[in-house]
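Here's the structure, in structure tokens; my notes come after.
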Amino acid sequence: MNDPVTPADLSRELGVSQKRIRDFLRAEYGKLGPHRTRWLLTEPQVVAVNARFRELFNN
């Protein structure tokens, strides 16, 4: 993964609202740290979001 991935990127790819993706990330990984203002996702976080929402919409 070269460029940082954001919830907005995944929202466009998955057709899921950014809010739902951020809610999932907070539930799984906690809130952003005090000096962070946006999610820049790690590869494992991208995989987790994809797995979660693809699972929901492929059933």
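Conditions (1) open to solvent by 70 Å² or more (accessible area, probe 1.4 Å); (2) without any contact (Cβ under 8 Å) to a residue 40 or more places away in the chain, marked per residue:
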{"position": "T6", "(1), (2)": "no, yes"}
{"position": "L10", "(1), (2)": "no, no"}
{"position": "K19", "(1), (2)": "yes, yes"}
{"position": "D23", "(1), (2)": "no, yes"}
{"position": "G30", "(1), (2)": "no, yes"}
{"position": "G33", "(1), (2)": "no, yes"}
{"position": "T37", "(1), (2)": "yes, yes"}
{"position": "L41", "(1), (2)": "no, yes"}
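Among the candidates R36, R20, the residue that is in a helix (DSSP H, G or I) and of a type outside the set (V, I, T) is uniquely R20.
The values are calculated or read from the model by the stated rules, or taken from the named source; none is laboratory data. Source: prediction; values computed, not measured. Neighbour counts run over all protein chains shown; Cβ positions are idealised from the backbone, glycine included. When the accessible area is computed, the model is the full protein with side chains, heavy atoms only, and any ligands, DNA or RNA have been set aside. Shrake-Rupley method; radii C 1.70, N 1.55, O 1.52, S 1.80 Å.
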